[in-house]
Amino acid sequence: MLRLIMLGPPGAGKGTQAKRLAERFAIPHISTGDRLRAGIRAGTALGVKAKEYMDAGCLVPDDVIIGLVQERLNQADCANGFLLDGFPRTVKQAEALDIAGVMIDHVIDMEVPDDDVVVRLSGRSVCPSCGTVFHLTLSSPKKEGICDKCGAKLIVRDDDKEDTVRNRLRVYHRSTAPLIAFYEEKGLLRRLDAVGTVDDVFNGILRLVEVG
Ligand code: AP5
């Protein structure tokens with residue numbers, strides 16, 4: 001049983017590591033960002049509502065997100081653990097988990113300076129089909145614009161423009177960073193310098209999870 005939260009600024013590598021950890025521990029990877037983007041692509045009511053907030057680099061309202069995550073956590077495959085990527089992002093969202101009686105084992109706080117975030121996000125491309133994440137120079141696909149894993153055409157996210165990234169960082173520092181103290185008080189916070197290679201960061205997380 002492993003119940004993880006990945007915390008950190010945009011571009012910290014939460015999605016990259018979450019994918020590997022979910023495979024390693026055979027637990028579902030629950031990404032609120034991926035779920036919202038899927039809604040936008042499919043043109044659902046959720047997607048239509050979320051799009052204007054996401055394009056501006058703002059947070060989607062708490063009530064929309066909390067319902068979405070609670071519904072997902074109630075599904076049978078979460079009974080033996082899960083990995084939350086991008087949730088909670090406000091103290092209200094974290095309190096909603098407590099109120100619902102959701103237990104957490106570790107909160108991994110991935111620390112990356114703002115300037116590194118801008119470099120990482122300005123070169124990112126993602127696979128809309130299998131979710132694999134690439135970077136123009138830091139981890140480029142073997143064939144330009146094509147996913148190494150499934151062969152789909154890679155896309156660049158609408159919210160990775162520099163102005164929007166800067167706003168996402170402001171929103172992170174204002175609304176999400178307070179969760180560091182929130183989880184530190186509960187004894188669940190595991191701090192990690194997330195500036196190394198993807199493998200180094202992955203091994204660092206494994207050590208934190210094993211030591212507890
Ligand atoms: P979301 O999709 O959650 O985006 P985010 O938190 O801003 O994080 P990112 O996905 O941008 O980055 P990441 O940390 O996953 O990094 P990645 O692994 O891709 O949310 C998007 C929007 O949805 C929000 O702005 C908001 O509007 C809305 N939303 C979502 N959840 C919400 C919630 N709970 N409440 C309200 N609104 C919500 O890596 C980034 C790049 O760096 C890649 O190119 C990668 O290849 C590269 N990279 C990764 N690791 C390394 C490394 N170690 N070294 C070098 N490069 C690396």
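Using +1 on the beta carbon of Lys and Arg, -1 on that of Asp and Glu, and nothing else charged, what's the dipole of the chain about the Cα centre, debye to 20?
540
Can you list residues whose amide H is under 5 Å from His135's amide H, if they're 5+ apart or on another chain and H is modeled 1.01 Å from N?
Ser125, Ser140
Could you work out how far apart the two model spin labels at Glu52 and Val64 are, taking each label as a point 7 Å from the Cα in the direction of the beta carbon, and quote it in nm?
Taking the simple label geometry, Glu52 and Val64 are separated by 1.0 nm.
On a full-extension model of 0.36 nm per residue, what is the gain between Ala42 and Arg166, subtracting their alpha-carbon distance, rounded to one decimal in nm?
Gain on extension, Ala42 to Arg166, equals 41.9 nm.
Based on alpha-carbon centroids, what's the gap between the stretch 116-133 and the stretch 19-94 in Å, whole number please?
Comparing the Cα centres of the stretch 116-133 and the stretch 19-94, I get a distance of 18 Å.
Shape of the stretch 123-212 from its Cα gyration tensor (a ≥ b ≥ c, root eigenvalues): rounded if a/c is under 1.5, otherwise prolate when a/b > b/c, or oblate? Provide the component values of the computation, followed by the final result.
Working: a/c = 2.69, a/b = 1.47, b/c = 1.83.
Oblate.
Label 7 Å along Cα→Cβ of Val156; the stretch 101-142 residues with amide nitrogen under 16 Å?
Counting only backbone N, you get 118-128, 134-141.
Calculate, for Asp105 and Ala177, the FRET efficiency according to 1/(1 + (r/R0)^6) with r their C-beta to C-beta distance and R0 25 Å; round to the nearest 0.05.
Efficiency, rounded to the nearest 0.05: 0.70.
How much length would be gained if the chain were fully extended between Leu2 and Asn80, taking 0.36 nm per residue of separation minus their Cα-Cα distance, in nm to one decimal?
27.4 nm
Can you sort Leu73, Leu121 by how many other beta carbons sit within 10 Å, fewest first? It would help to have the intermediate numbers written out before the result.
Numbers: Leu73 18, Leu121 22.
With the sparsest Cβ surroundings first, the list reads Leu73, Leu121.
What share of the DSSP beta bridges in the stretch 1-128 is antiparallel, in percent to the nearest 5?
Given both bridge residues lie in the stretch 1-128, the antiparallel proportion sits at roughly 0 percent.
Would you list which lysines come within 21 Å of Lys19, measuring only between C-alpha atoms, while excluding same-chain residues fewer than 8 positions from it?
Lys142, Lys149, Lys153
Within 10 Å, count the other beta carbons around each residue, average over each peptide in 140-152, 78-90, and list them highest first.
Peptide ranking by packing, descending: 78-90, 140-152.
Quick note: the coordinates plus some simple rules give every number you see, no bench work behind them. Just so we're clear, the structure is a prediction, and the values are computed from it rather than from any experiment. Note: ideal-geometry Cβ built from the backbone for every residue, glycine included; neighbour counts use all protein chains shown.
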